[in-house]
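See below for the structure under consideration.
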């Protein structure tokens, strides 16, 4: 069962957190828990046990972890996809582990920026979903828009498609 984390879930989240993360991260758990987005911080449960948790603060996925007993069962992917559905402009700073980074990239995250030694990855809702032409809006004489003309998609703007208003050409 996948559901938002409640205040009463904190002890289960803390146990899972201690199983998954280095003890040096422990000091960060309380502030993140208190400032979490209650709608987007989720837990995945099986037989009354917390198998995975994701803590979101603003648009930042602060922590996501899965119990060692449940790893490889798709819980992490299910949890991440549910969080992404609730936070379309999600970003994160993963540990510097190529396996973890490949997993995030397989879920659609891309390197967005570098802050010191931390790399920030983002999943933006406006990324192109296809490489084909995108309809371009144009104005007719009355000022109404129509979508029957296509225009080229530029690789600029970091893969973000933009609607361009073109004047109607008389032929």
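Side notes on the structure shown:
So that you can scan it fast, the table gives a plain yes or no per residue for (1) outside the structural domain of residue 103 (by TED's automatic domain parsing); (2) within 16 Å of residue 79 (Cβ to Cβ); (3) in a loop (DSSP other than H, G, I, E, B); (4) in contact with a helix residue (DSSP H, G or I) (Cβ under 7 Å, 6 or more places away or on another chain):
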{"position": "8", "(1), (2), (3), (4)": "no, no, no, no"}
{"position": "16", "(1), (2), (3), (4)": "no, yes, no, no"}
{"position": "19", "(1), (2), (3), (4)": "no, yes, no, yes"}
{"position": "37", "(1), (2), (3), (4)": "no, yes, yes, no"}
{"position": "44", "(1), (2), (3), (4)": "no, yes, no, yes"}
{"position": "56", "(1), (2), (3), (4)": "no, yes, no, yes"}
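- A single member of 104, 121, 63 is assigned to a helix (DSSP H, G or I) and either crowded, with 16+ Cβ neighbours inside 10 Å or in contact with a helix residue (DSSP H, G or I) (Cβ under 8 Å, 6 or more places away or on another chain) (or both), and it is 104.
- Hey, residue 40 surrounded by 20 or more Cβ atoms within 10 Å (Cβ to Cβ) and closer than 16 Å to residue 122 by Cβ or not: yes
The values are calculated or read from the model by the stated rules, or taken from the named source; none is laboratory data. Small disclaimer: the values here were computed from a predicted structure and weren't measured. Heads up, the Cβs are rebuilt from the backbone with ideal geometry, glycines too, and the neighbour counts pull from every protein chain shown.
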